[in-house]
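Data block below; observations after.
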Amino acid sequence: MRARRLGIVGCVAFLAALSLGVGSADAATIVALGASNTYGKGVARNQAYPAQLEAILRAKGLSVRIVNAGINGDTTEGMLQRLDRAVPNGTRAVILQPGGNDRRKGSPDRTADIQSRLSARGIAVIMLPNGMLGGLPHQPDGVHLTPEGYHMLAEQLASQVSGAIGR
């Protein structure tokens, strides 16, 4: 009797693990591509907007995985060069935050090229212009957001992202 009960428990545990695996494989992948405010300069990784956005969307019942492909100091030229590595096949949407490094570093703005390449791959693009950061709480440097600012930004992006992935 005890062996049979353990067999049933084992079977239930196996099926539960299997269903969890299927659920994560079904998760919509969204890539947050950008510079320091995507990376989350000055805050812990779980406080950057991509991590907070994933938590918000999951709390609303959406099966999503948000990849933080932000690099501090990156330019749109750098983003374009790493686009295929940063945005794997099967990605449903990209949140593109060009930042202000092109102007600061005298680099050409390649935002349109990034958008064009993503559109050609059938990937929805959600633009995150620097203007969206205005009025949100910033760190003392005046450029990068606080954890609360990143949370407010994630809240603003949640409906756009869920709409872009059709959920």
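Nothing in this text is a laboratory measurement; each read-out follows from the coordinates by a stated rule. Here the structure is a predicted model, which means the values were calculated and not measured. Here Cβ is always computed from backbone atoms with ideal geometry, including for glycine, and neighbour counts include all displayed protein chains.
Quick notes on this one:
- The stretch between GLU77 and SER159, if pulled fully straight at 0.36 nm per residue, gains 26.7 nm over its current Cα-Cα span.
- Between ALA55 and ASP26, the FRET efficiency from the beta-carbon distance, with R0 = 22 Å, is close to 0.75.
- Cα shape, the range 82-136, gyration tensor, a/c 1.5 rule: oblate
- Local net charge near PRO88, Cβ-Cβ under 13 Å (Lys/Arg +1, Asp/Glu -1): +4
- Normalised per residue, the volume of the convex hull around the Cα set of the range 27-120 (Å³): 85
- Over the range 102-167, the reciprocal of the mean inverse Cα-Cα separation, the Kirkwood hydrodynamic radius, stands at 14.0 Å.
- Computed E for GLU148/ASP84 - FRET, C-beta separation, R0 41 angstrom, nearest 0.05: 0.75
- Sites ALA120 and ARG65, calculated FRET efficiency, Cβ-Cβ separation with R0 30 Å, nearest 0.05: 0.85
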